[in-house]
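Quick notes on the structure that follows.
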Amino acid sequence: MRSRDIRIAFATALLAPLFLVGCGDDESNVAQFMASGEGYAEQNQWKEAIIEYKNALQIDPNSGPAHYALAKAYLKSEKLREAYWELHEAARLDPENTEARLTFGQLNLAARDFDESLAQAEAVIEADPENGSAHVLKGQALEGLDRADESEASYLRAREVDSDKPAYMLVLASYYQRRRKPEQAEPLLIELTEKSPSYVAYTALGRFLARDRERDDEAEAAFRAALEGTEGAQLRAAYRNLAGFHFAKGEFEQAEGVLEEGIDKADDKLDLIYLLARFHRSQGNTEKADALVEEATLAQPDDPRPYLILSAYRGRQGDLEGALAAAESALEVDPDHQQARLRKSELLVDQGYRESDSLKIAEGRSIVEAVLVREPSNPSALFVRAKIEMAEGDTDAAMTSLRSAIDVKPDWAQAHFVLGSALAINGDPTGARAELARAVELDAGLLEARRLLAQVHASLGEHEYAIEQGRVYLRERPEYIATRILVAQSLVRLGRGEEAMEELAVIPAEDRTAEVEYAMGRLHAAKGNYEEARAYLMRAEKAKPNHPDVLRTLLGIDRRTGNLAESVRRIETASNEDPGSAKIVVLKGLVAMMVGDLEGAERAFNYAIELDANDLEAYQQLAYFYRLTGQLDKTIETYENASQSRPENARLHHFLGVLYEMDDRPAPAMERYSQAIELDRGLGEAMNNLAYLLAERGEDMDRALDLAQEAKALLPESPNAADTLGWVLYKRGIPSAAVGYLREAEAGMDPADDTLGIIRHHLAMAYEANGESAKAVDSLERALGTLQKQQEALQEAGREASDPAWVVEVRAMLDRLQAAPTG
């Protein structure tokens, strides 16, 4: 329709209600407007359809069908906020409209109002028990409410209703993948490709198979099958996925070939040209990459899109000025091009925050707000607003904006990346992992997303994945030391110390930071190379004087090598130079205990708590001190009185839990840990301790697993948290998953720690349950071997050496396994 025709139609629509009021009854007038709206909808003329449906509602505001028709038109126009209200009204006024209820439930799901989604799903199921979509919505709502175990029944019920519906297979398969049940997900994905061979089916199967490097050939075949019979946006996406698969494997020639093939076959080539240019640049072919993008831009000088591609490309290289110039060029071609205006806005905001230029920030913000006034659900505007909110520290608002953007544009890699970043900042590593993994699936060249994903995997104890993602990143950014250290740490957690040493040795000596020296020092210490370890750690201490972690590691080495006096002097100096450091004061307390100064130790631990009431290590060391000195009962009484006067102090409850646990009183310990967690969800130690006690007693294993997983996320470097999670998984009958965490716990534990034997016993039990008896024997022998060394050291120091409680069970298990027939 020409612009003049639109203006006439708009004017006529405004006048029509006045004219028709006198020409017929309300019912017929509503019917006319509805019919007119449907006519526009059939032609995809959504603005005109919206006007007609609004006219109908002016006459009859309680027309459920009109509200629903208007909601659908808003959804087609990507105006989710407006659609939400209309769907709410449609469901309220016409409860029997199950389609409206389900759509409203889906929007509530996107808005994370899971209770409302569940209510809508259950209302539809009550009216129509055979509605599969309602069962799916119920399952999704239950997952959102952290009731994932209940959601499986809903997904299975949807399949019972229609076992051949592809969407239901995919939903159930995705659920099993989220629940880490690949053996149940795979048959569904294969069935999906057989019953509905399509881009969606083969892509889902390819992504599933790509997680197992031993099945790369099958994954590649699935990604190639996704190309068959595909066209348009899906064809471009299929080529991106296949190229990204090869890129992640380091098969750069194959990735380049796939992109070139895609450019040759796709109708709209710009996205693939841009991706190929980024690929060339990542391989060091900067001139070739630049020429490719410039050529694409010059070939279509009257089209703003190539300029936007050029802007994105320059922005990726850190050239914000060049990126802004390209956005301005796009606006010269089309001054009203909304995407170009929003790109300019984004760059103004980025530059403004980088340069502390409030005028640029204000200009960028004004462009975004102007778009959102007209189109509250515009995904690009929501994305830019989210970046502003992130820069201002309002991550909750940013996440809301980003989720709204993704609802409209679900395959936007950059939006998933920024959402993943916000979730990581907000302490939700599980949610961050899902978003970041989706980002790199959609765009294999999104390196910063990959770097953050490696960090998140490591924080969750998923060290194989952390290594994989980190190494892909380091191929393109070999100079990024922090990621190299992360990869090395993950290798250590998996017991691959030699590989970790090789990883760090790549860094030139002149580029080694204190963090690198510290990491290499710890690696040498773990191998017993104390002199080499000391040399690295002293360089780290020189670069970062008085760092508690470095001082603690040196203390352990000095104690083993008979040089305790050196650490005493070093820690005393650090305390004088930084008297307000609670962590250094804790070290003073440990030193005092080592030299037999019990009064000094107690004084130091109490003073550390005064300095930092949130430092739980000080509480734990003080509790350990009281147990050693036989003062637990008196101490418990004192802290119970303190807790009564300060019932909202979570750390007091936690400390009491530790004291009760040391006094072998698990019931009050569990009660105190629960109270601490209710008051402060950030107390990872309390979650960890409660999860362990639940597992030991075999009580509420679902809660134990949830707590252990939360504790591991909050305490990613803690070997105790890794041990607890591994132990809970073993107790739940998942030894294959338990082994990885228990190996991490063993690798991270100080060889002198007397709990190392318990961890190795746990690991042996997991190995045996997993059918790996030889490894179980090795673990038990390591436990006894380390104990023997510890006891010999005590005897040399003139101290009594007795067997800990776990030794009897370890020896009995070792005898049983060694006596068992092999082969």
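The values are calculated or read from the model by the stated rules, or taken from the named source; none is laboratory data. Keep in mind the model is a prediction, meaning the values are calculated, not measured. Glycine also receives a Cβ, built like all others from the backbone with ideal geometry; neighbour counts cover every protein chain displayed. What goes into the accessible areas is simple: the full protein's heavy atoms, side chains included, and nothing from ligands, DNA or RNA. Shrake-Rupley method; radii C 1.70, N 1.55, O 1.52, S 1.80 Å.
Got at least one residue in segment 769-776 being touching a residue at least 40 places away in the same chain (Cβ under 8 Å), over 24 Å from the mean Cα position of the chain (by Cα) and buried (at least 18 other Cβ atoms within 10 Å of the Cβ)?
yes
Within segment 612-666, being hydrophobic (A, V, I, L, M, F, W, C), at pLDDT below 85, farther than 16 Å from GLU602 by Cβ and in a helix (DSSP H, G or I) holds for LEU616, ALA642. Got at least one residue in segment 150-160 being modelled with pLDDT of 90 or more, under 29 Å from ALA221 (Cβ atoms), open to solvent by 20 Å² or more (accessible area, probe 1.4 Å) and not in a helix (DSSP H, G or I)? No, segment 150-160 contains no residue that is modelled with pLDDT of 90 or more, under 29 Å from ALA221 (Cβ atoms), open to solvent by 20 Å² or more (accessible area, probe 1.4 Å) and not in a helix (DSSP H, G or I). Note on segment 574-597: residues that are without any contact (Cβ under 8 Å) to a residue 12 or more places away in the chain and open to solvent by 60 Å² or more (accessible area, probe 1.4 Å) total 3.
Residue-wise test of (1) over 22 Å from ALA69 (Cβ atoms); (2) among the polar types (S, T, N, Q); (3) touching a Lys or Arg at 6+ places or on another chain (Cβ under 8 Å).
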{"residue": "PRO95", "(1), (2), (3)": "no, no, yes"}
{"residue": "LEU102", "(1), (2), (3)": "no, no, no"}
{"residue": "SER133", "(1), (2), (3)": "no, yes, no"}
{"residue": "GLY144", "(1), (2), (3)": "yes, no, yes"}
{"residue": "ALA167", "(1), (2), (3)": "yes, no, no"}
{"residue": "ALA185", "(1), (2), (3)": "yes, no, no"}
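Filtering segment 725-734 for residues that are buried (at least 17 other Cβ atoms within 10 Å of the Cβ) and closer than 18 Å to SER490 by Cα leaves a non-empty set. THR786 meets the conditions (1) open to solvent by less than 40 Å² (accessible area, probe 1.4 Å); (2) at pLDDT below 90; (3) under 27 Å from the mean Cα position of the chain (by Cα) in every case but one. The failed one is (3). The selection criterion, being buried (at least 22 other Cβ atoms within 10 Å of the Cβ) and closer than 25 Å to GLN469 by Cα, does not hold for ALA312.
One residue alone among GLU610, GLU602, GLU617, GLU577 is of a type outside the set (Ser, Thr, Tyr) and more than 27 Å from SER718 (Cβ to Cβ), and that residue is GLU577.
Quick check on segment 507-515. Is at least one of its residues out of contact with any helix residue (DSSP H, G or I) (no Cβ under 9 Å at 6 or more places or on another chain), surrounded by fewer than 18 Cβ atoms within 10 Å (Cβ to Cβ) and of a type in the set (Gly, Ala, Ser)? Within segment 507-515, one or more residues are out of contact with any helix residue (DSSP H, G or I) (no Cβ under 9 Å at 6 or more places or on another chain), surrounded by fewer than 18 Cβ atoms within 10 Å (Cβ to Cβ) and of a type in the set (Gly, Ala, Ser). Considering segment 449-464, the residues that are under 11 Å from ARG433 (Cα atoms) and of a type outside the set (A, V, I, L, M) include one that is most open to solvent (accessible area, probe 1.4 Å), namely GLN455. Filter segment 210-230 down to the residues that are assigned to a loop (DSSP other than H, G, I, E, B) and open to solvent by less than 50 Å² (accessible area, probe 1.4 Å), then identify the one that is farthest from GLU468 (Cα to Cα). Once the filter is applied, the top-ranked residue is THR230. For segment 742-779, the set of residues classified as under 30 Å from LEU555 (Cβ atoms) and assigned to a loop (DSSP other than H, G, I, E, B) consists of MET749, ASP750, PRO751, ALA752, ASP753, ASP754, THR755, listed by residue number.
Taken together, ALA330, ALA398, ALA381, ALA386 contain a single residue that is closer than 30 Å to LYS47 by Cα, touching a Pro at 6+ places or on another chain (Cβ under 8 Å) and buried (at least 22 other Cβ atoms within 10 Å of the Cβ), which is ALA330. Within the option set VAL472, VAL492, VAL384, VAL408, being within 27 Å of LEU683 (Cα to Cα), touching a residue at least 40 places away in the same chain (Cβ under 8 Å) and among the hydrophobic types (A, V, I, L, M, F, W, C) holds for one residue only, VAL492.
Pairs meeting the criteria (first residue in segment 696-725 and at pLDDT 90 or above and polar (S, T, N, Q), second residue open to solvent by 10 Å² or more (accessible area, probe 1.4 Å) and not in a helix (DSSP H, G or I), beta carbons under 8 Å, at least 6 apart or on different chains) are ASN720/THR755. The set of residues in segment 401-439 being touching a Ser or Thr at 6+ places or on another chain (Cβ under 8 Å), polar (S, T, N, Q) and buried (at least 18 other Cβ atoms within 10 Å of the Cβ) consists of SER404 alone.
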